[in-house]
Number of protein chains: 2
Amino acid sequence: MPKISITSYDVAQAAGVSQSAVSRAYSPTASIADKKRKHILKIANQMGYRPNAIARSMSSARSDGRQRSGIVGVIVTRIQDPFFANTIALFSSLLQAKGWHMLLFTIDSPEDVDDALHSLMQFKIDGVVILSAILSEHMARTCQANGTPVMLYNRNASAAGISSVQIDNYAGGQTAAEVLLNAGHSRIAFVGGIETDKTTQERERGFADRLAEAGCPVVQREFGDYTFDSGREAAGRLFSGRDRPDAVFCASDVMALGVLHAAMQDMGLRVPEDFSLVGFDDIPSAAWPGHQLTSIRQPIRRMIREAVDILIARMENPELAPALVTYPGVVIMRGTVRMLSAD
Amino acid sequence: MPKISITSYDVAQAAGVSQSAVSRAYSPTASIADKKRKHILKIANQMGYRPNAIARSMSSARSDGRQRSGIVGVIVTRIQDPFFANTIALFSSLLQAKGWHMLLFTIDSPEDVDDALHSLMQFKIDGVVILSAILSEHMARTCQANGTPVMLYNRNASAAGISSVQIDNYAGGQTAAEVLLNAGHSRIAFVGGIETDKTTQERERGFADRLAEAGCPVVQREFGDYTFDSGREAAGRLFSGRDRPDAVFCASDVMALGVLHAAMQDMGLRVPEDFSLVGFDDIPSAAWPGHQLTSIRQPIRRMIREAVDILIARMENPELAPALVTYPGVVIMRGTVRMLSAD
DNA sequence: AGCATAATTGCATGCGCATGCAAAACCGGA
DNA sequence: TCCGGTTTTGCATGCGCATGCAATTATGCT
């Protein structure tokens, strides 16, 4: 087995300096003669030397009592959901643009967050993002004690010391209700994702509350699992009966598209002539010409940017208080809600 | 600043054993009395101790001359593309199921692979997956010298010592041609992604070769950037002229859907009555009732599983030769290609 | 019980790096 | 030229862990 990795000692020897000099050459703040630094870096590059990020984070532990790896852990469920996949993509880009890296951890069920976090902590990550799930009180305290900032994306901060960035699901539900009420609908149905899921619950609550206010309660509730197929199946249940709803609000665009495709293709219904449809998220395909899905948009770019900024700020300065941010969703009116002519 | 991280020494003290015992308690192969191991683990859990994966990978360097971090680096371009996002999701799940973790690195342009790899190497990753891009000869040699196995996904292994898993793009293009020829088309167009991209090139080459064989050359070539909108724009160019093509092969489903939506909604064309359409990839939305897009399916689950298996095998046994695997695509016939009645 | 062998344990050490500290080199002014 | 002050440098050390090795204890057999 040949000598594998080049260390700072090797470079030091080759450059005729001490190992510390090499180390300092790579530390922008360190005191070292500019000429010498250049020389060292030149030699180092020739040799293909790469400072060992792992060892670095180990040894820096001594000085400030903390290890920094430059890595942010991201925990995510439902990674196959395009909405989430996209969210991860954005997180990764933004984190990286700011010089951080992303260690991805996928879990099957929201209950696995604590375990995942445990595993992740082994890597001495500097911060954590949790997508659409929450951690236990106990784990939150552990993170706080560890000085590891936590960012809940898409969820309320459940414990002290935790930041969060999310859409206002309740208000979004209300908005959807308003859109359908304004369009003059009266037999309005709701299609949710997983019934025990906070997101679905809040969206339904806002929706139902607003409808109730208007004296026009939800006539039918269906639930799926956020997938296209589950939306499609929900459509079957919605439109098979006698008294069909004349409007549907889906807690996610993917399900709304499932409803749309099923209604139009499988059941021969027209939208918005036969019923109006409102989705949530405003994913890219909602805007496709053949869909024109009216939806409540999440400004995900901005949200993720903010989440990243907050997290980075706290990683760099652990004293900082956690931030709680809620964004409003905005209606994007498209073709799946009927227009009332002035009457 | 309070004492932050609990170390093996702390646990050892609390458990009344030596630090080595604690270390061994966490090493499945180490020689330690079962009873003592249980005891240590119990105490350790009570204290919330987590072995430090970073330090571990540091110290294990001594014994076998290599550091293992348990982390696989994944380099990806076009992460916003749903097809890629989904691929990453699968890689992450599968790697994790086998006890590995994924450090994600996004790059804007395929030329940045070498740089990305350099950065990634700082983290002493045990292996690399590169999606739809290739590395330089020089970098390939560096990786080999380092004993870091590289897996090119969606690309030919460009250098020695590199594994690859990919779809047979050339054959896929041929198949698409056959499908359209069998349907009796004669004015056949091609829509590619980025023109300099290997994937697009190979798919077009197979497609064009097969058509040429049949004496029916491609009548129009358009290129986009793999996005829906670029497909939509390509449709504008395809169908604005006098002699419209009567069939189109798109090098990706996303673009094919762009063509489909544009043609049906923006231009009032019917599919397959006015033209047939074949895509590539068979993404989930190709199967949606309103699309029914005929496509060349990539068995991505199997491909990614194989890629992961090969990579892991090589990480665990560096002596192993690299593997080169090509999967055939299979046609999924749906509604966007016209059926000829027996004649 | 008495001995040989096997299983277990603790000590000491090193991984690659960053940094406190003191020695050395440098600088400018008198 | 000499001195006080400022940079720059190298030495030595420790981070948390895994492991070789030797010391110790447990086990099996006669």
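Where residues in segment B:2-25 are part of a loop (DSSP other than H, G, I, E, B) and over 26 Å from A:Asp126 (Cβ atoms), which of them is farthest from DNA strand D (Cβ to nearest atom)? Write out each step before concluding.
Initially, segment B:2-25 is screened for residues part of a loop (DSSP other than H, G, I, E, B), giving B:2-7, B:16-18.
Checking which are over 26 Å from A:Asp126 (Cβ atoms) leaves us with B:16-18.
Details: B:Gly16: 14, B:Val17: 12, B:Ser18: 8 Å.
Restricting to residues being part of a loop (DSSP other than H, G, I, E, B) and over 26 Å from A:Asp126 (Cβ atoms), the top hit is B:Gly16.
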Practice problem: Determine whether segment A:280-288 contains at least one residue that is surrounded by fewer than 21 Cβ atoms within 10 Å (Cβ to Cβ) and among the acidic types (Asp, Glu). | Solution: no
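On the basis of being assigned by TED's automatic domain parsing to the domain that holds A:Asn154 and out of contact with any helix residue (DSSP H, G or I) (no Cβ under 7 Å at 6 or more places or on another chain), does A:Glu273 make the cut? Quick ask: steps written out before the conclusion?
On the way: assigned by TED's automatic domain parsing to the domain that holds A:Asn154: no; out of contact with any helix residue (DSSP H, G or I) (no Cβ under 7 Å at 6 or more places or on another chain): yes.
No.
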Self-check item: Subset of segment A:89-137 (residues that are at the interface with chain B (Cβ under 7 Å from one of its Cβ atoms), in a helix (DSSP H, G or I) and open to solvent by 10 Å² or more (accessible area, probe 1.4 Å))
Solution: A:Ser93, A:Gln96, A:His118, A:Met121
Practice problem: Keeping to segment B:69-88, report how many residues are more than 8 Å from chain A (Cβ to nearest Cβ), among the small types (Gly, Ala, Ser) and more than 18 Å from B:Ile134 (Cβ to Cβ). | Solution: 1
Quiz item: Conditions: (1) within 38 Å of the chain's Cα centre (by Cα); (2) more than 28 Å from A:Arg141 (Cα to Cα); (3) open to solvent by 10 Å² or more (accessible area, probe 1.4 Å). B:Gly70 meets all but one. Number of the miss?
Solution: (2)
Exercise. Go through (1) touching a residue at least 40 places away in the same chain (Cβ under 8 Å); (2) in a loop (DSSP other than H, G, I, E, B); (3) open to solvent by 20 Å² or more (accessible area, probe 1.4 Å) one by one and return the number of the condition B:Ala321 breaks.
Key: (1)
Self-check item: Search result, residues across segment A:1-45 that are more than 10 Å from DNA strand C (Cβ to nearest atom) and either touching a strand residue (DSSP E or B) at 6+ places or on another chain (Cβ under 9 Å) or in contact (Cβ under 8 Å) with a residue 12 or more places away in the chain (or both)
Solution: A:Ala14, A:Ala15, A:Val17, A:Lys36, A:Arg37, A:His39, A:Ile40, A:Leu41, A:Ile43
Practice problem: Would you mention how many residues in segment A:26-59 are more than 9 Å from DNA strand D (Cβ to nearest atom) and part of a loop (DSSP other than H, G, I, E, B)? | Solution: 9
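Listed here are the residues, each with its yes/no results for (1) at pLDDT 95 or above; (2) over 26 Å from B:Glu306 (Cβ atoms).
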residue	(1), (2)
B:Thr148	no, no
B:Val165	yes, no
B:Gln174	yes, no
B:Leu238	yes, yes
Self-check item: Those residues of segment B:24-53 which are open to solvent by less than 60 Å² (accessible area, probe 1.4 Å) and among the hydroxyl-bearing types (Ser, Thr, Tyr), in sequence order
Solution: B:Tyr26, B:Ser27, B:Tyr49
Quiz item: Taking strands (runs of 3 or more DSSP E) that do not extend beyond segment B:156-249, which have at least 1 residues that are open to solvent by 60 Å² or more (accessible area, probe 1.4 Å)?
Solution: B:220-223
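The values are calculated or read from the model by the stated rules, or taken from the named source; none is laboratory data. Since we're looking at a predicted model, the values are computed, not measured. No Cβ is skipped: glycine too gets one built from the backbone with ideal geometry, and neighbour counts run over all protein chains shown. For accessibility, only protein heavy atoms count, side chains too; no ligands or nucleic acids. Shrake-Rupley method; radii C 1.70, N 1.55, O 1.52, S 1.80 Å.
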